[in-house]
Amino acid sequence: MAFGLLAGFAAHGASAADCPGHPNALGTSRTLVVDPRAHPLIGTMQYRETLPLADHEIVLTFDDGPLPRNSNQVLDILAAQCVKATFFTIGNMARAYPEGVRKLLAAGHTIGTHSQTHPLTMNRMPIERARQEIDDGIASAKAALGDDADSLAPFFRIPGLLRADKVEEYLAEKGIQVWSADFPADDWRHISSQRVYDLAISRLEAKGKGILLLHDIQARTVAALPRILETLKARGYRIVHVVPATPDRPATPTEPEQWLLHPPADAIARWPEIPNFVFANLGSLPVPARVDFNDTDDATMLHEMSPSHPSWPEPSEIAPENATVALAAPASNLFELQGGLDVALRGAALSHHVRAAASNTREGGTRRLSRREARRLANGRSARVAGRQGHGSAANASRRKTPGAAAARRGSVKRLVQVRKRRV
């Protein structure tokens with residue numbers, strides 16, 4: 001890439017120092033020679049590739065002339081800054097004003113073509129008619145140049161940038177390079193010259209380089225052009241003049257990435273190679289090889305400090321895979337009820353009444369039991385004594401009267417005990 005840029009700068013255009021009477025002129029930094037057949041489609045407004053420009057380089061292009069009233073003023077402005085540009089002429093304009101085409105050549109600008117009548121239908125017209133538009137536009141420009149017809153560049157811009165595959169294929173067959181643009185200034189619209197200036201500069205700043213599309217037949221462009229050139233100089237932009245390659249003028253050497261407006265990152269810079277790793281022995285951690293360090297002493301120290309024998313913790317003892325693990329089980333006598341199930345139930349009920357009475361005593365001091373509480377306490381004591389002695393009592397009689405309820409209570413308690421035993 002560097003070789004290509006240096007070779008491009010070797011072909012100098014008119015620099016500021018070579019601009020007589022204008023020492024502070026913008027000038028033309030270099031001349032870029034391109035081979036139309038090698039890169040047939042340029043301009044990122046429509047195509048993948050654009051001209052191989054460096055950052056802050058710009059190519060000025062003008063369409064639709066010549067129209068003496070405004071085109072001559074554009075030529076004077078460019079001459080005052082010693083700036084070279086590329087003009088795409090319309091065939092009818094060249095026939096009407098052939099002197100304007102010859103002025104372009106005399107000023108050292110590049111002349112391309114822009115069809116015969118500037119139709120805005122080349123993207124949908126029959127290919128035969130499109131070919132006629134292209135060929136007639138070229139013939140009109142050559143007729144205007146006369147003996148210098150060979151000076152016409154094989155550059156073509158489709159009117160309205162309304163491209164079509166068949167049109168591009170036909171131009172490629174003739175060895176003509178199709179020019180789109182990288183950004184326009186919209187100077188063909190009904191806008192002010194200030195707006196033309198603002199769009200040209202803001203869009204250039206957004207892309208940093210590229211092909212600017214203007215129109216030399218517009219009065220608003222004439223008014224905006226001096227400020228555009230002054231701003232380009234103030235902000236460090238450089239003008240590049242583009243010419244076609246010939247047998248006596250070979251193309252400027254370039255790399256494929258240069259033809260992209262913003263080359264991918266891997267085309268500009270590459271990551272360094274991954275350092276080689278060495279292993280001292282099995283179980284050691286990887287460390288960089290000594291050759292990856294410039295300082296031999298530092299590399300030696302790092303190698304000696306690397307953990308060649310890391311001490312890992314001892315593995316814990318694990319039971320064999322088929323070993324059975326026995327869990328502790330409670331003794332069976334823990335689930336036996338002394339005195340039987342009925343005695344346990346009566347005792348639990350009595351304990352509840354005693355705790356309730358004790359709680360009432362603590363909360364309200366000493367108080368006498370109500371008749372109902374005393375009767376309930378007495379019945380509980382009688383039932384317990386009767387159960388121990390085996391005598392018939394009112395409680396036993398009551399149980400005999402309701403054998404189903406007692407059996408249900410016993411069954412519930414037994415199931416509860418069995419469930420708890422299984423869980424333990």
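A few remarks follow.
- Residue within the stretch 115-132 that is without any contact (Cβ under 8 Å) to a residue 40 or more places away in the chain, of a type in the set (Lys, Arg) and over 20 Å from Pro184 (Cα atoms) present: yes
- Boolean, Ala141 is in contact with a strand residue (DSSP E or B) (Cβ under 7 Å, 6 or more places away or on another chain), open to solvent by less than 30 Å² (accessible area, probe 1.4 Å) and within 25 Å of Ala224 (Cβ to Cβ): no
- Flag for Asn24 being farther than 20 Å from Leu213 by Cβ and at pLDDT below 95: yes
- Each residue in the stretch 207-251 was checked for being within 30 Å of Arg37 (Cα to Cα) and not β-branched (Val, Ile, Thr), and 19 pass.
- Residue under evaluation Ala200, criteria (1) over 27 Å from the mean Cα position of the chain (by Cα); (2) in contact (Cβ under 8 Å) with a residue 60 or more places away in the chain, criterion not met: (2)
- Among the residues making up the stretch 184-195, those that are more than 21 Å from Arg48 (Cα to Cα) and part of a loop (DSSP other than H, G, I, E, B) are Asp186, Asp187, Trp188, Arg189, His190, Ile191, Ser192.
- Of all residues in the stretch 140-164, those satisfying the criterion of being closer than 16 Å to Phe87 by Cα, small (Gly, Ala, Ser) and free of Cβ contacts under 8 Å to residues at least 60 places away in the same chain are Ser140, Ala141, Ala144, Ala149, Ser151, Gly160.
- Residues (buried (at least 21 other Cβ atoms within 10 Å of the Cβ), free of Cβ contacts under 8 Å to residues at least 40 places away in the same chain and under 20 Å from Ala25 (Cα atoms)) located in the stretch 204-227: Ala224
- Of the residues making up the stretch 62-95, those that are open to solvent by 30 Å² or more (accessible area, probe 1.4 Å) and within 23 Å of Leu51 (Cα to Cα) number 2.
- Meets criteria (surrounded by fewer than 18 Cβ atoms within 10 Å (Cβ to Cβ) and within 21 Å of Tyr47 (Cα to Cα)) for Ala172: yes
- Selection count, the stretch 97-135, where residues are of a type in the set (A, V, I, L, M), more than 21 Å from Pro154 (Cβ to Cβ) and open to solvent by 40 Å² or more (accessible area, probe 1.4 Å): 1
- Consider the stretch 21-59 and keep the residues that are charged (D, E, K, R) and not in a loop (DSSP other than H, G, I, E, B). The one that is nearest to Ile201 (Cα to Cα) is Glu57.
The values are calculated or read from the model by the stated rules, or taken from the named source; none is laboratory data. Bear in mind that the values here come from a model prediction, so they are computed numbers and not experimental data. Cβ: placed from backbone, ideal geometry, glycine included. Neighbour counts: every protein chain shown. With ligands, DNA and RNA removed, areas are computed over all heavy atoms of the protein, side chains included. Shrake-Rupley method; radii C 1.70, N 1.55, O 1.52, S 1.80 Å.
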